[in-house]
Amino acid sequence: MKKVTVNYLALMIATAFVATGCNGLKKMADNANTIQRNIQPQPLEMHAGKVPVSITVTFPAKYFDKNAYLICTPSLSSATESKEVKFKSTTLQGEKVKDNNPTIKYKTGGSYTYKDTIDYDGAFKKSDLMLSFKATKNGESVDVTSFKIGDGIIVTPLLVEEGLKVDNGGEAGTGKTIDAKVPKPTSSETSKNLTVYFPMQKSDMTSAEQKKNDVKAFVQAVTDVANDANTELKSIQVASYASPDGPEDMNSNLVEGRGKNSVNFVKNQLKKVEGTQNDNFIQRQTTQAEDWDGFRKATENSELKDKALILRVLSMYSDPTVREREIKNISEAYTELKSDILPKLRRSEIKAICQSAEKTEDEIVKLAGTNPDELTQEEALYGSTSKLADLDTKINVLENYVSRFPEDWRGYNNLGNAYIAKNELGKAQTNLDKALELNSNEGAIYNNLGVLALANGDEEKAKEYFTKAKNMGGSEEAGYNLGVLNIKNAEYAQAVSNFGSTPTFNKSLAELLNKNNSGAKSTINSVDSEAASVDYLKAVIAAKSGNKDEAISNLKNACSKDASWKDYAKTDEEFLQFFEDDAFKSVVE
């Protein structure tokens with residue numbers, strides 16, 4: 001690309017000014033080659049959506065006419081579209097002009113630094129920085145044709161979006177979400193449960209209790225497990241209880257008797273199930289003589305009128321005898337306790353412990369998509385995060401998960417992330433809000449809310465969430481997401497810090513923008529990705545380091561993987577020095 005020389009500028013100004021017959025202006029035109037200009041940066045650069053320019057013009061001694069004005073207007077002219085955008089104009093004046101503009105003295109000369117900033121427009125990614133003059137003296141004015149003084153615009157920070165794709169495994173996104181994950185379940189343990197109840201001060205079950213439908217269902221469930229080749233019946237556990245009314249020694253005897261009778265009852269019911277009659281297969285669990293814990297929980301969950309008073313008694317007294325006496329003194333409440341609470345505490349809880357064979361990842365994912373109810377809680381959560389599960393399968397599994405386990409924040413968290421990936425942001429918000437309601441101390445949820453805020457265009461809220469997530473748990477993902485925001489806001493040193501030690505595309509980009517070319521090169525070379533954009537960033541790093549061969553080699557790799565990078569590179573001012581190079585042209589044309 002040819003550059004316009006100062007001598008050529010002087011010739012053009014001189015020709016125009018001679019035509020006016022104004023000797024002072026003619027002298028300024030004749031000596032235009034003595035004016036020094038410094039443009040920073042060159043080429044122009046975009047940072048945080050803005051394009052700043054600084055032009056310092058230094059006039060030599062005995063150059064600037066004492067009675068002249070010089071109006072200077074920089075502009076950008078698009079090289080790809082018929083578009084122009086002007087920076088603000090500035091007027092300079094000679095020392096005898098009675099006005100308030102910056103003054104350049106005739107005898108000593110002087111300098112003026114012009115600064116302005118415009119919003120970035122993609123039409124000016126490849127553009128020419130122009131400068132036009134209008135000179136005026138004694139009522140005579142001359143317009144001078146615009147001249148190119150620089151190039152624009154380097155837009156390398158925009159590669160942060162490509163970095164998001166690379167760093168998210170090839171998926172576009174507004175940040176890194178955090179799924180709650182579990183290791184692949186090696187086997188799953190479940191239980192089949194039965195509760196039987198006893199009359200007051202009795203250790204024998206009634207005939208009706210022994211014949212109830214719950215017993216039949218339990219026996220059938222245990223039989224099915226025993227006949228299932230993929231499931232092992234490990235043991236049966238019996239825990240017996242007494243209500244905390246009556247003498248403690250009597251209740252101790254009741255617990256003992258209920259335990260023995262329950263074991264015999266289960267053994268008799270399962271006599272046709274192989275293995276259940278073996279010694280120690282049915283195990284009695286040790287329990288307290290009086291079930292005060294069960295009493296407390298049942299009272300807390302009840303609608304008793306004097307519930308608060310009863311709970312206060314439990315907290316005030318630890319001696320069982322005193323507790324019982326004080327509760328009986330609340331006569332109306334005790335009447336309700338005898339009918340609604342105490343009968344449910346005279347019981348045996350029977351659990352058949354079952355262990356299924358380990359499922360393969362394929363089996364878990366298949367069941368997740370076809371019959372998620374057959375998965376245990378941990379299997380279902382694992383299935384939703386497996387790489388084998390596509391997005392729609394993941395959403396279906398997690399919708400089922402939150403209906404089965406509505407108190408587990410992990411399901412809502414992961415479902416919110418899935419809806420972010422599907423760009424259904426309203427559903428994402430609903431689920432992440434529910435996750436936060438269930439667990440307000442989990443940094444992952446705040447991070448994901450930050451990603452959602454970013455997707456909704458609220459960068460300030462996103463930054464607040466990411467910062468909180470990082471402070472809560474040192475989340476690597478939250479640090480990464482803050483780094484992305486830092487790049488967008490031209491906070492490159494902070495971005496490098498927030499990206500941490502893990503090599504990613506965007507960490508390399510931040511290092512490059514922070515003028516650490518060697519660090520950027522080391523990082524991008526450690527990124528495990530075959531994406532074309534990785535090769536492109538390598539080419540940009542090499543170009544900034546003045547390594548032509550390496551720049552063109554990496555650019556060739558990028559364009560061979562994705563031809564769209566050819567058109568991008570043609571207008572990328574990072575390769576300005578190579579635009580006229582045959583090797584460069586052979587890659588992009």
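Does the range 416-436 include one or more residues that are at pLDDT 95 or above, more than 30 Å from Glu363 (Cα to Cα) and among the aliphatic types (A, V, I, L, M)? The answer is yes; a qualifying residue exists. Just one residue in the set Glu324, Glu378, Glu374, Glu361 is within 21 Å of Ser188 (Cβ to Cβ), in contact with a Pro (Cβ under 9 Å, 6 or more places away or on another chain) and either open to solvent by less than 30 Å² (accessible area, probe 1.4 Å) or of a type in the set (D, E, K, R) (or both); that residue is Glu378. Asp143 satisfies every condition listed in (1) open to solvent by 70 Å² or more (accessible area, probe 1.4 Å); (2) modelled with pLDDT of 85 or more except (2). Cβ-Cβ contacts under 7 Å between residues 6 or more apart (or on different chains), taken from a first residue in the range 134-162 that is in a helix (DSSP H, G or I) to a second residue that is open to solvent by less than 50 Å² (accessible area, probe 1.4 Å) and β-branched (Val, Ile, Thr), are listed as Thr156/Val540; Pro157/Ile487; Val160/Val484; Val160/Ile487. Against the numbered list (1) at pLDDT 95 or above; (2) surrounded by 17 or more Cβ atoms within 10 Å (Cβ to Cβ); (3) touching a Phe, Trp or Tyr at 6+ places or on another chain (Cβ under 6 Å), Val57 comes up short only at (1).
Mind listing just one residue for me: the one in the range 234-262 that is among the hydroxyl-bearing types (Ser, Thr, Tyr) and surrounded by fewer than 22 Cβ atoms within 10 Å (Cβ to Cβ) and, of those, nearest to Ala289 (Cα to Cα)? If you could, list the steps in order and put the result at the bottom.
Going residue by residue through the range 234-262, those that are among the hydroxyl-bearing types (Ser, Thr, Tyr) are 235, 240-241, 243, 252, 262.
When the remaining residues are screened for being surrounded by fewer than 22 Cβ atoms within 10 Å (Cβ to Cβ), the result is 235, 252.
On the way: Ser235: 24, Ser252: 4 Å.
Looking at the filtered set, the residue picked out is Ser252.
For the range 181-197, the set of residues classified as among the charged types (D, E, K, R) and assigned to a strand (DSSP E or B) consists of Glu189, Lys192, listed by residue number.
Kindly indicate whether Lys422 is basic (Lys, Arg) and over 17 Å from Phe499 (Cα atoms). Lay out the reasoning, then the answer.
On the way: basic (Lys, Arg): yes; over 17 Å from Phe499 (Cα atoms): yes.
Answer is yes for this residue.
The residue list Lys297, Lys271 contains one member that is open to solvent by 20 Å² or more (accessible area, probe 1.4 Å), under 21 Å from Glu209 (Cβ atoms) and of a type in the set (D, E, K, R), which is Lys271.
When you scan the range 107-120, how many residues do you find that are surrounded by fewer than 17 Cβ atoms within 10 Å (Cβ to Cβ) and not in a strand (DSSP E or B)? Adding up the residues that qualify gives 2. For the condition farther than 17 Å from Ser54 by Cβ and either open to solvent by less than 30 Å² (accessible area, probe 1.4 Å) or of a type outside the set (S, T, N, Q) (or both), Leu129 does not qualify. Determine if the range 285-302 includes at least one residue that is free of Cβ contacts under 8 Å to residues at least 12 places away in the same chain, outside any helix (DSSP H, G or I), within 27 Å of Glu248 (Cα to Cα) and among the β-branched types (Val, Ile, Thr). Checked against the condition, which is being free of Cβ contacts under 8 Å to residues at least 12 places away in the same chain, outside any helix (DSSP H, G or I), within 27 Å of Glu248 (Cα to Cα) and among the β-branched types (Val, Ile, Thr), the range 285-302 yields at least one hit.
For the range 343-358, filtered to residues that are within 30 Å of Ala242 (Cβ to Cβ) and of a type in the set (D, E, K, R), the residue that is surrounded by the most Cβ atoms within 10 Å (Cβ to Cβ) is Arg346.
The values are calculated or read from the model by the stated rules, or taken from the named source; none is laboratory data. What you see is a predicted model, and the numbers here were worked out from it, not measured in a lab. When we count neighbours, we look across all protein chains shown, and the Cβ atoms used for this are built from the backbone with ideal geometry, even at glycine. Side chains are part of the model used for accessible areas, which takes the heavy atoms of the whole protein and leaves out ligands, DNA and RNA. Shrake-Rupley method; radii C 1.70, N 1.55, O 1.52, S 1.80 Å.
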